[in-house]
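Chemist: I have a structure I would like to understand better, so I am pasting it below and will then ask my questions one at a time.
The values are calculated or read from the model by the stated rules, or taken from the named source; none is laboratory data. Quick caveat: nothing in here was measured; it's all calculated off a predicted structure. Heads up, the Cβs are rebuilt from the backbone with ideal geometry, glycines too, and the neighbour counts pull from every protein chain shown. Calculation scope for accessible area: heavy atoms of the full protein, side chains included, ligands and nucleic acids excluded. Shrake-Rupley method; radii C 1.70, N 1.55, O 1.52, S 1.80 Å.
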Amino acid sequence: MCFSSLQYSTFFLGITVVFLCFHAAKTATFSPSGSTRTDQLALLAFKSAISDPLGALSSWSNASLDPCEWKGVTCGLKPPRRVTALELKSLKLEGPLSPSISNINFLINLTLSYNQFHGSIPQELGRLSRLENLDFTKNYFEGEIPDGFSSLPMLNTLILGDNNLTDVIPPLLGKSTSLTYVNLSANHLSGTIPQFLANNSALELLDLSKNHLTGGIPASMGVFSSLYYLDLSSNNLEGSIPPMLATGKNIRTIDLSSNNLSQNIPPSLLNTSTLFYLSLKSNGLTGKIPPFLKSSSILGFLDLSENQLSGHIPPSLGNLSSLEYLYLAQNKLEGSIPESLGSISGLIELYIAINNLSGKFPSSFYNMTSITYIGMSENDLSGMLLPTMGLGLPMLQNLDLQENKFDGSIPHSLCNASRLQILDLAGNLFSGMIPSCLGGLTNMTQLDVGWNQLQSKDMSILSSFTNCTLLNTLILQKNKLQGELPVSIGNLSMKLESLFLGTNQISGMIPAEIEYGMGNQISRQGDEYSYGVLLLEILTGKRPTDDSFVQGLNLHKYVENAFPEMITTILDPQIMREVEDETNSRSIGAHMKECLVSLFQIGLTCSSESPSQRMGMAIVLKELNSLKEMFF
């Protein structure tokens with residue numbers, strides 16, 4: 001191709017312009033202006049105040065002239081390229097937060113979550129007038145929330161959850177009318193909920209959970225249509241639940257659990273078409289559960305447990321076709337369980353234990369194809385379970401019917417519930433044989449059929465459980481089982497921690513294959529352990545699998561925590577009443593308490609974790625005879 005002189009000059013000039021522009025851009029990149037240099041120095045000052053064990057900030061140095069290339073740093077696209085975002089999440093950075101950050105005055109996003117920053121949050125951050133998002137989740141910041149945050153006109157996201165912040169929520173924060181997302185959870189904040197948070201029409205999410213807030217919930221909280229998530233759980237809030245709380249058009253989640261709220265549940269709270277998650281667990285709510293009138297409800301999670309609710313379970317609960325999790329345990333509910341609950345096709349968990357419910361196991365419950373957990377323990381339910389029970393519950397993992405009055409045989413069809421992990425039928429009136437096919441449930445981890453009227457001609461039932469390799473608890477205590485223990489008992493799960501066979505009619509020798517204690521070490525002191533547990537059970541009225549034993553607490557530790565000064569507080573109320581009737585006194589005298597201390601001591605010693613620390617049965621017999629002579 002041939003060019004004319006004019007074409008050649010034009011082409012050369014174009015190339016020159018492109019080169020000069022490219023050169024200028026490179027110069028702008030590597031020769032920071034004064035304002036960019038300010039950002040660079042502020043970041044280096046921030047780095048110098050902290051430790052960086054992972055070397056995440058190794059690119060931050062004077063040798064690198066462009067901070068926009070540093071890890072976690074984002075800059076604007078137009079020159080001069082100012083730092084607009086600092087995002088350093090989960091890097092194990094540790095130390096105080098340098099106030100120099102406030103010199104990065106184009107900063108929009110500041111995220112330092114999941115690190116180990118400590119000390120106070122600098123007041124100087126209030127100078128970041130362009131800041132929109134601030135996230136300091138899961139650090140060790142302490143002291144007050146800076147009043148200076150009220151000077152951030154653009155701030156819409158404020159996340160300070162999981163720190164050690166104290167004092168009150170600053171009232172001046174109400175000046176930040178652009179706030180839409182506020183999470184101050186898991187701190188040590190006190191005082192009341194500021195009215196400005198209830199009046200902020202832009203607020204979409206508010207999480208103040210796990211603090212020490214007091215007072216009532218503002219009456220206008222939840223009225224505005226923008227709010228979709230409200231979590232005030234685990235505080236010390238009191239008073240009634242505002243009737244307007246769930247009237248917002250977009251509200252999806254309300255969690256008021258673990259407070260001191262009282263009075264009735266507002267009917268409006270349970271009759272909204274937008275609410276998906278509602279937890280009022282562990283308060284002091286009274287009265288009846290309001291009826292559910294909204295057939296259009298999308299409520300999927302409802303927890304009203306651990307209150308003082310009374311009356312019947314409303315049959316209208318069956319209208320909640322979207323419900324997946326229903327918890328009504330530990331109230332004062334009575335009457336029968338509504339058949340309508342069985343029509344909730346998507347129900348996954350049902351927990352209605354520790355009430356005063358009566359009647360039979362609802363027939364509609366035998367075909368709940370999505371249910372994984374049925375908890376009905378400690379009620380007054382009775383009658384026989386249908387022989388076909390296990391055929392229509394394909395997803396069932398946990399069936400807890402303990403401490404009721406169910407009778408008849410244990411349905412063999414439960415062996416078809418192949419996902420079953422926990423089966424607790426203890427403390428009922430079941431009779432007949434224990435189905436040996438239960439040993440085919442290879443996912444089984446806990447089986448408790450103690451305290452019934454079950455029978456056997458021999459103990460071969462134990463052999464059937466050798467296929468349950470995940471089994472950690474097997475309780476056949478206090479039935480009418482007969483026969484000798486099979487040698488195959490030694491083939492039970494290596495994960496087995498609790499084996500209770502006491503108070504039956506078992507005879508013969510104890511097979512050497514039985515393994516007690518830690519690891520695989522064989523011990524002959526299992527009798528002492530079983531006796532110790534049984535003695536503590538008699539004295540306290542609590543079984544080893546009591547629902548109150550959580551987070552590592554067991555029967556032994558429960559007694560140990562009260563021994564010896566507080567033993568009367570854990571004594572079985574029935575024993576206490578008998579003592580009162582016998583002595584015509586409302587308190588236990590010193591003589592009787594001394595006897596009880598001795599009995600508790602025997603129970604604790606025999607149930608020690610280490611076999612070597614347990615009291616031998618000969619010594620136990622001697623001690624009991626001594627107590628008999630001394631006190632009776």
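Chemist: Working carefully through the options Phe149, Phe196, find the one that is of a type in the set (Phe, Trp, Tyr) and within 31 Å of the chain's Cα centre (by Cα). Lay out the reasoning, then the answer.
Modeler: Numbers: Phe149 fails: within 31 Å of the chain's Cα centre (by Cα).
One residue alone meets the criteria, Phe196.
Chemist: Determine whether region 101-122 contains at least one residue that is open to solvent by 40 Å² or more (accessible area, probe 1.4 Å), among the small types (Gly, Ala, Ser) and not in a strand (DSSP E or B).
Modeler: Scanning region 101-122 turns up no residue that is open to solvent by 40 Å² or more (accessible area, probe 1.4 Å), among the small types (Gly, Ala, Ser) and not in a strand (DSSP E or B).
Chemist: Further question: Out of curiosity, is Lys175 at pLDDT 95 or above, open to solvent by 20 Å² or more (accessible area, probe 1.4 Å) and among the charged types (D, E, K, R)? Before you say what the answer is, go through the steps one by one.
Modeler: Details: at pLDDT 95 or above: no; open to solvent by 20 Å² or more (accessible area, probe 1.4 Å): yes; among the charged types (D, E, K, R): yes.
Judged against the criteria, Lys175 is not a match.
Chemist: Another question about this same structure. Suppose we keep only residues that are at pLDDT below 95 and of a type in the set (D, E, K, R) within region 444-477. Which one would you say is farthest from Lys405 (Cα to Cα)?
Modeler: Only one residue fits best here, namely Asp458.
Chemist: Where in region 417-463 are there strands (runs of 3 or more DSSP E), lying wholly inside it, with at least 3 residues that are hydroxyl-bearing (Ser, Thr, Tyr), open to solvent by 10 Å² or more (accessible area, probe 1.4 Å) and in contact with a Leu (Cβ under 7 Å, 6 or more places away or on another chain)? Explain how you work it out, then say what you get.
Modeler: Details: elements: 422-424, 429-433, 446-448, 453-456.
Ranges flagged: none.
Chemist: I've got another one for you. Residues in region 606-630 that are open to solvent by less than 30 Å² (accessible area, probe 1.4 Å) and in a helix (DSSP H, G or I): how many? Please lay out each step first, then the result.
Modeler: First, the residues of region 606-630 that are open to solvent by less than 30 Å² (accessible area, probe 1.4 Å): 606-608, 611, 614, 616, 620, 627.
From the residues that got through so far, the ones that are in a helix (DSSP H, G or I) too are 606, 611, 620, 627.
Of the residues in region 606-630, 4 are open to solvent by less than 30 Å² (accessible area, probe 1.4 Å) and in a helix (DSSP H, G or I).
Chemist: Take the residues of region 308-348 that are open to solvent by 50 Å² or more (accessible area, probe 1.4 Å) and assigned to a strand (DSSP E or B): which is farthest from Asn379 (Cα to Cα)?
Modeler: Ranking the qualifying residues of region 308-348, first place goes to Tyr325.
Chemist: So Glu484 ticks every box in (1) modelled with pLDDT of 90 or more; (2) in contact with an Asp or Glu (Cβ under 8 Å, 6 or more places away or on another chain); (3) crowded, with 16+ Cβ neighbours inside 10 Å but one. Which box is left unticked?
Modeler: (3)
Chemist: Okay, moving on. On the basis of being within 14 Å of Phe361 (Cα to Cα) and modelled with pLDDT under 95, does Gly408 make the cut?
Modeler: Numbers: within 14 Å of Phe361 (Cα to Cα): yes; modelled with pLDDT under 95: no.
For Gly408, the condition - within 14 Å of Phe361 (Cα to Cα) and modelled with pLDDT under 95 - is not met.
Chemist: Please report, ordered by residue number, the strands (runs of 3 or more DSSP E) entirely within region 230-307 with at least 3 residues that are at pLDDT 95 or above and among the small types (Gly, Ala, Ser). Don't jump to the end; show me each part of the working.
Modeler: Working: elements: 253-255, 260-263, 277-279, 301-303.
Of the strands (runs of 3 or more DSSP E) lying wholly inside region 230-307, none has at least 3 residues that are at pLDDT 95 or above and among the small types (Gly, Ala, Ser).
Chemist: Give region 123-146 a look and list any residue that's within 23 Å of Lys175 (Cβ to Cβ) and either hydrophobic (A, V, I, L, M, F, W, C) or open to solvent by 80 Å² or more (accessible area, probe 1.4 Å) (or both), or say none.
Modeler: The initial filter retains those residues of region 123-146 that are within 23 Å of Lys175 (Cβ to Cβ), namely 123-136, 141, 143-146.
Answer for region 123-146, where residues must be within 23 Å of Lys175 (Cβ to Cβ) and either hydrophobic (A, V, I, L, M, F, W, C) or open to solvent by 80 Å² or more (accessible area, probe 1.4 Å) (or both): Gln123, Leu125, Arg127, Leu128, Arg130, Leu131, Leu134, Phe136, Phe141, Glu144, Ile145.
Chemist: Here is a follow-up. Of the residues that sit in region 62-78 and are more than 13 Å from Ile104 (Cα to Cα) and in contact with a Ser or Thr (Cβ under 8 Å, 6 or more places away or on another chain), which one is surrounded by the most Cβ atoms within 10 Å (Cβ to Cβ)?
Modeler: From region 62-78, those more than 13 Å from Ile104 (Cα to Cα) are 62-66, 69-72, 77-78; that's our starting set.
Subsequent filtering for residues that are in contact with a Ser or Thr (Cβ under 8 Å, 6 or more places away or on another chain) retains 65-66, 69-71.
Values: Leu65: 14, Asp66: 16, Glu69: 13, Trp70: 21, Lys71: 13.
Taking the candidates together, the pick is Trp70.
Chemist: If only one of Leu393, Leu385 is closer than 19 Å to Leu350 by Cβ, over 28 Å from the mean Cα position of the chain (by Cα), buried (at least 19 other Cβ atoms within 10 Å of the Cβ) and modelled with pLDDT of 95 or more, which one is it? I'd like the intermediate steps shown before the answer.
Modeler: On the way: Leu393 fails: over 28 Å from the mean Cα position of the chain (by Cα).
Selected residue: Leu385, the only one of Leu393, Leu385 that is closer than 19 Å to Leu350 by Cβ, over 28 Å from the mean Cα position of the chain (by Cα), buried (at least 19 other Cβ atoms within 10 Å of the Cβ) and modelled with pLDDT of 95 or more.
Chemist: Let me ask something else about it. Restrict the check to region 591-599 and report whether at least one residue is charged (D, E, K, R), surrounded by fewer than 19 Cβ atoms within 10 Å (Cβ to Cβ) and at pLDDT below 80. If you could, list the steps in order and put the result at the bottom.
Modeler: Pass one, region 591-599, residues charged (D, E, K, R): 593-594.
Going one step further and asking which of them are surrounded by fewer than 19 Cβ atoms within 10 Å (Cβ to Cβ), we end up with 593-594.
Now restrict to residues that are at pLDDT below 80: 593.
Yes - at least one qualifying residue is present in region 591-599.
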